[in-house]
Amino acid sequence: MSIKAKIFTGSLWSIAGTGTTLLSNFIVFALLARLLQPVDFGLVAFAAIFIDLARNLMSGGIAESLIQRKEWDETAASTSFWLVLASSVLFTLGTAGITVPLAYLYGSPTLAEIFLVLSLSLLIDGVRGVHEAKLRREFGYKALAARTVIASIVSGICGIALALAGFGVWALVASRLVAAALQTIVVLCSISWAPRFVFSRAECAGLLRFGADIVGSRLVVQLNGRVAELVVGLVLGPVALGFFNVAGRALNLLFQIAISPIQTTALSAFSRLKDARAIGDAYLRMTRATALVAFPIFFGAAATAPDFVVVCFGNHWQPSGTIMTLLAIAAVPTALITFVQPALVAVGRTRLALSSNFIVLVASTAAVLVAVPFGIVAVAIARAVRAHATAPYMLSALRKGVGLPIGQALRSVWEPWTAAAAMCAAVMLARLYVFDDIVPFARLLICVALGGVVYLVLLLTIARRYTAETMLELMPHLPASARTIAQRIVPML
């Protein structure tokens, strides 16, 4: 099977797993949002910031090192396993030792207990790290999709049951632990590999050297995404963070549809290509395909967010609607820059990836610190402004790494961006001035349908060639029935 076919097949399995997971996650999240209070979500979201940061440090970029290699080496893999396992033990103990006292300084004994329990997930995750890397390297996304689906459904049922039983915030904590445990079990059962009792100092040194910039860059990227939540939690408290987090979580569901399926295969795919020019071409193909779906989803979410939040989560989450609108606008540039880091890693420019992401983090932190005294809406506005302002800088890093001109990258998504932005404006105006008196549920359905029709009409009007070329690129990898439909549509474009 060719690399292109593996990319597409892997993406299809990611889409299948993501779609099923999204459905179950959405149902679970909506039910928990109606059963629990903003303060519950705020406390767990605050703890998750530190746990997730520790998880990225713990892995040390070792998975990327194994995936990026041309050949699988048993000595390196076994060394990686024992290194990650030892690191997970140290980070579990260290995270608990640091965050529990921090929670007491924050004035919340409950938060200290949450930190202590959630730190156990680091140890659970560490056990599967190398196995998961091997699956990703071999495009084993069917097993990874099964892992995600099983963990999502079972952990969601557990969380809902505990919430109905009156356990409050602990329903969210238990759900996270169950998900981590099930993901590890499924991955270990999906691949017939076991580490040897060997540890190579030379391999360890090489892994750490390669992983240093990877983990630094990943940590900076994660801080960039979480700095707003961290500052909101510290300055405005758990209730404000709860509203902010629910808006972000709702948008994350859409992110998983539009970007994650292709993003999960990006590093594996880029690492198999021969040179920087080939990686640049692959970047354009992935970005074009992603933009065609991501732009209408994010712009559509911005237009319908207030009704979406009320309908799905209840009236007591209404403040999250405005925040979700702004965060959706902030997410639009993600479709353009989401593959920059995998491309830079694939050509070995890890230091460039780290430095560019660090500059973006500085800009994000400054924007949030300036905005937070004015409330969570101001923070969301600052995030949207920063996201659009720093996107060209990330593209300049891509130009340095693989030689892809910034203008070419921007032109590759200009048509779907224009169609989606116009669709967003049309839906917003219709919602405010035409459907204002309709109940939120009916208005949401009408606006979603209207947005779909407007976007499709605009694509066929101003982006016919773009749509046809993208469909031709995907056509050889579609199922037979879908390929037949595409073959009939393309000549009409």
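Nothing in this text is a laboratory measurement; each read-out follows from the coordinates by a stated rule. The structure displayed is predicted, hence computed values, not measured ones. Cβ atoms come from the backbone with ideal geometry, glycine included; neighbour counts cover every protein chain shown.
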Self-check item: Label zone at Thr461 (point 7 Å along Cα-to-Cβ), backbone N below 12 Å, the range 401-420
Solution: 419-420
Practice problem: Quick one: order Phe41, Phe313, Phe50 by neighbouring beta-carbon count within 10 Å, fewest to most. | Solution: Phe50, Phe313, Phe41
Self-check item: Label-zone membership for the range 83-108, site Leu208, 7 angstrom Cα→C-beta point, backbone N under 17 Å
Solution: 83-91
Quiz item: Can you sort Cys204, Cys312 so the residue with the fewest Cβ neighbours within 10 Å comes first?
Solution: Cys204, Cys312
Self-check item: Sorted peptide list for 340-349, 390-399, criterion being average Cβ within 10 angstrom, highest first
Solution: 340-349, 390-399
Self-check item: By average C-beta atoms within 10 angstrom, highest first, the peptides 85-96, 178-189
Solution: 178-189, 85-96
Self-check item: Sorted by Cβ density within 10 Å, fewest first, the residues Lys400, Lys134
Solution: Lys400, Lys134
Quiz item: Say R0 is 45 Å: what FRET efficiency, to the nearest 0.05, do Asp52 and Asp437 get from their beta-carbon distance?
Solution: 0.55
